[in-house]
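Data block below; observations after.
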Amino acid sequence: MPSHHPGPPGYHGCYLRIDVGKQCAERVGLAEVELRKFLGGSGLGVHLMLREGSHQVDPLSPEAPLAFVFSPLVGSPLTTSAKFAVVSRSPLTERINDSLASSHFAIAGKRAGCDAIVLVGRADTPSILIIDEGQIRIEAAGELWGLSCRDAETQLRARLGNEYQIATIGPAGERLVRYATISHDGRHAGRGGSGAVLGSKHIKAIAVRGSQRARLAEPAQLVALAKQLSDKSFGPATAKYRELGTAANLLVFNRLGALPTRNFQQGTFKAAEALSPEQMTQTRAKTRASCAACTIGCEHIYGFRGGDNQPGVRMEYENLFALGPLCGISDPDVVLGASRVCDELGLDTISAGGTIAFAMECVERGLLDAPWLKFGDGNALHRALHEVGRREGLGALMAEGSRRMAKSIGSDALTFAPQVKGLEMPGYEPRALQTMALGFAVGTRGADHNRSGAYEVDFSERVDRRQPGLEAAGMAVETEDKAALMDSLILCKFLRGVFTDFLAEAAEMLNLVTGWDTTPDELRATARRIVTAKKHFNILCGWQPAEDTLPERFLNHPLPDDPTATLTPERLQGLVAAYNTARGWSSEGWPTRGQIAELG
Amino acid sequence: MSITVELFGIPRQRAGIAKTQAEGARLDEVLLDLARRFPRLAEACIANGRLQSGYLANLNGQRFVSDPSTALAAGDSLLILSADAGG
Ligand code: SF4
């Protein structure tokens, strides 16, 4: 492999570009200026997609690049920093997709001596990719093909040894379900179908090990700062995550009429209490877990009522809402079981629940002939998930996601398909949380709660959440910029409450790792550059301003159980224009020539 | 004057109940009444008649409030919840 500059502290100064078809790898240099401009994770990922010309090819074609991107903070002692971004053009949205996952795979991947791993090509037959200290080999997947994510990981680790960290796809990724995930240690790079991209390359799993640590500029000071940060992470700002997990949102959202129910036909769910973590904690066994290098431990793993010898299931707000109220399901065991099925098949729970709930409404309206698929029917939900994961029966259509499915059904189905740019909406009713409606509409990867934290604006005194003024747009930009930075540094967003001055504190961390002299202003500019880079990528893929909207259901119809929650097309358009202006783009959303040139 | 207080998440865990009545005509008076009756809730969430950072109050499911002098009316419901709605 050609030599390259070792890169600044915190980095290796290269990415490992692997052609899985030709079974060869090369190290491609990354200049310090590129790294400083895009940091790592999502930011460096979109930069790599632009550099590799990902926008020019079908996301499921052999040429399509798929990047696993690490970050300067991975491998540092900073809490919650063991994360990686999986970045590609999405097979679900045809736009940029960056989904994050956590844990030892990030640490091992970076120790392979690179800042990212980029896969191109397609193996002739189902295979596994093994990366050992940056040397690669491809082996037949053999009996691993067809296994669940967990079983494939367990068996491959048994074969290769515990020092390997493994990311896998499940049967859904093998069958190119457009919202298939990539899983590692029970966590998923969930959204946008990166599992289908890996499946299209005929790669069942990637196993990686390495021992090459990136040096740190100021290790002693960094350890002291990491200690302070860990201490703060035990405080009140993270209590919700530690004690109840994100599922604690359920009852709050229900009380505020913001809990999407029965495919967004209502904002409240009568049986919410039974599904809440407050209730479930009292009726079943629960354990806690955390990602590698995390002091918070937000993962709450619930057992099934009455035992069940199966392992417990991680319960997050998003899988709870999507497989519960969104599908009209009120039995916690059904929701836990459905989450486990998604974990095993390697399915994004939000898109799976969203697409199935949409199909349930289509059945209700007589647009689909599948009388078994009814809201509230747990057996139907489980059957639908299995059919999606195997593309059997109606699953072949549902595996395409709600937008493609709606187009295929025709009639007015697209008006109530719960998606933006093809990505199914997370659990925030946009008519009840209208700054979040803006965040969904303009999101570069579609309706998304991880790239925009605009709901925080709705949960404040700064706006009327059912009727925000144009000033909400600038606030939404701030939340998106913060997310872009956290996803590129990378730090877990559940840490965000512990910072008093995030930009200053983030600059200090980055400087101790890299030796740079980054300022808060530079980081603000970096965040904006990353968001613009994603927008630019989408423009190259064919983005048009008309994409930045919500389905008609949300624009012309009040929320039935809260008629005051009405979002007019005019209000949303006004907010979108204000958002674009706040970004320094044209009011329609086109970045300036100067902003594009600055990405280079 | 008595108003209804609904507790969610950590505030509910600390108080040990989901709903209660509290006395007061202003936000700070109600919070002080709660603090007096529920010491564990006070320790985690309330300081000097205000919610600690990380917690929010919402009136009747409509608007978020923090000004201690916010007037409350008979029949009002005050919701107390964790500020961070992320998930
Ligand atoms: S807070 Fe939760 S998601 Fe974040 S790093 Fe820790 S365990 Fe992982």
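Against the condition within 16 Å of the ligand (Cβ to nearest atom) and buried (at least 22 other Cβ atoms within 10 Å of the Cβ), how does A:SER127 come out, does it pass? Taking the combined requirement at face value, the residue does not satisfy it. Consider A:ALA565 carefully, then state whether it is outside the structural domain of A:PRO418 (by TED's automatic domain parsing), open to solvent by less than 20 Å² (accessible area, probe 1.4 Å), under 22 Å from the mean Cα position of the chain (by Cα) and at negative phi. No; evaluated as a whole, the condition is false for this residue. Considered as a group, the residues in the stretch A:276-292 that are part of a loop (DSSP other than H, G, I, E, B) and not hydrophobic (A, V, I, L, M, F, W, C) include one that is nearest to the ligand (Cβ to nearest atom), and that residue is A:SER290.
Which residues, taken from the stretch A:443-480, are outside any loop (DSSP other than H, G, I, E, B), open to solvent by 10 Å² or more (accessible area, probe 1.4 Å) and away from every other protein chain (no Cβ under 12 Å)? Those that are outside any loop (DSSP other than H, G, I, E, B), open to solvent by 10 Å² or more (accessible area, probe 1.4 Å) and away from every other protein chain (no Cβ under 12 Å): A:GLU471, A:GLY474, A:MET475, A:GLU478, A:GLU480. Say whether the condition of being within 14 Å of chain B (Cβ to nearest Cβ) and surrounded by 21 or more Cβ atoms within 10 Å (Cβ to Cβ) is met by at least one residue in the stretch A:412-425. Yes; the residues of the stretch A:412-425 include at least one that is within 14 Å of chain B (Cβ to nearest Cβ) and surrounded by 21 or more Cβ atoms within 10 Å (Cβ to Cβ).
Check A:GLU273 against each of (1) away from the ligand (no atom under 16 Å from the Cβ); (2) crowded, with 24+ Cβ neighbours inside 10 Å; (3) within 14 Å of chain B (Cβ to nearest Cβ) and name the one condition it does not meet. Of everything listed in (1) away from the ligand (no atom under 16 Å from the Cβ); (2) crowded, with 24+ Cβ neighbours inside 10 Å; (3) within 14 Å of chain B (Cβ to nearest Cβ), A:GLU273 misses just condition (2). A count restricted to the stretch A:306-331 and to residues that are out of contact with any His (no Cβ under 7 Å at 6 or more places or on another chain), assigned to a loop (DSSP other than H, G, I, E, B) and within 14 Å of chain B (Cβ to nearest Cβ) stands at 2.
Of everything in the stretch A:293-305 that is assigned to a loop (DSSP other than H, G, I, E, B) and open to solvent by less than 10 Å² (accessible area, probe 1.4 Å), the residue that is farthest from the ligand (Cβ to nearest atom) is A:GLY297. Of everything listed in (1) more than 15 Å from B:SER82 (Cβ to Cβ); (2) more than 9 Å from chain B (Cβ to nearest Cβ); (3) surrounded by fewer than 24 Cβ atoms within 10 Å (Cβ to Cβ), the single unmet condition for A:ARG242 is (1).
Output the residue which, of all residues in the stretch A:44-100 that are within 16 Å of the ligand (Cβ to nearest atom) and on the phi > 0 side of the Ramachandran plot, is nearest to the other protein chains (Cβ to nearest Cβ). Ranking the qualifying residues of the stretch A:44-100, first place goes to A:THR80. One residue is enough: does the stretch A:468-484 have a residue meeting the conditions outside the structural domain of A:LYS37 (by TED's automatic domain parsing), within 16 Å of the ligand (Cβ to nearest atom) and closer than 22 Å to A:PHE84 by Cβ? Taking every residue of the stretch A:468-484 in turn, at least one turns out to be outside the structural domain of A:LYS37 (by TED's automatic domain parsing), within 16 Å of the ligand (Cβ to nearest atom) and closer than 22 Å to A:PHE84 by Cβ.
Inspection of the stretch A:587-597 finds no residue satisfying the criterion of being without any contact (Cβ under 8 Å) to a residue 24 or more places away in the chain, open to solvent by less than 30 Å² (accessible area, probe 1.4 Å) and not assigned by TED's automatic domain parsing to the domain that holds A:GLN265. Return yes or no: is A:GLU243 within 15 Å of the ligand (Cβ to nearest atom), of a type in the set (D, E, K, R), modelled with pLDDT under 95 and more than 22 Å from the chain's Cα centre (by Cα)? It is true that A:GLU243 is within 15 Å of the ligand (Cβ to nearest atom), of a type in the set (D, E, K, R), modelled with pLDDT under 95 and more than 22 Å from the chain's Cα centre (by Cα). Candidates are the residues of the stretch A:329-373 that are without any contact (Cβ under 8 Å) to a residue 24 or more places away in the chain and open to solvent by 10 Å² or more (accessible area, probe 1.4 Å); the one that is nearest to A:MET280 (Cα to Cα) is A:TRP372.
Filtered by the rule that a residue be more than 10 Å from chain B (Cβ to nearest Cβ) and open to solvent by less than 10 Å² (accessible area, probe 1.4 Å), the stretch A:257-270 gives A:LEU259, A:PRO260, A:THR261, A:ASN263, A:PHE264, A:GLY267.
One residue stands out among those in the stretch A:130-151 that are hydrophobic (A, V, I, L, M, F, W, C) and part of a helix (DSSP H, G or I): the one that is surrounded by the most Cβ atoms within 10 Å (Cβ to Cβ), which is A:CYS149.
Can you tell me which residue within the stretch A:485-495, out of those that are open to solvent by 20 Å² or more (accessible area, probe 1.4 Å) and in contact with a helix residue (DSSP H, G or I) (Cβ under 7 Å, 6 or more places away or on another chain), is farthest from the ligand (Cβ to nearest atom)? Step by step, filter the stretch A:485-495, then rank; the result is A:LYS493. Here A:LEU438 meets the list (1) within 16 Å of the ligand (Cβ to nearest atom); (2) surrounded by 24 or more Cβ atoms within 10 Å (Cβ to Cβ) almost entirely, failing just condition (1).
The values are calculated or read from the model by the stated rules, or taken from the named source; none is laboratory data. Note that the structure is a prediction, hence the values are computed from the model and not measured. When we count neighbours, we look across all protein chains shown, and the Cβ atoms used for this are built from the backbone with ideal geometry, even at glycine. For the accessible areas, the whole protein counts, side chains as well, though only heavy atoms, and no ligand, DNA or RNA atoms are used. Shrake-Rupley method; radii C 1.70, N 1.55, O 1.52, S 1.80 Å.
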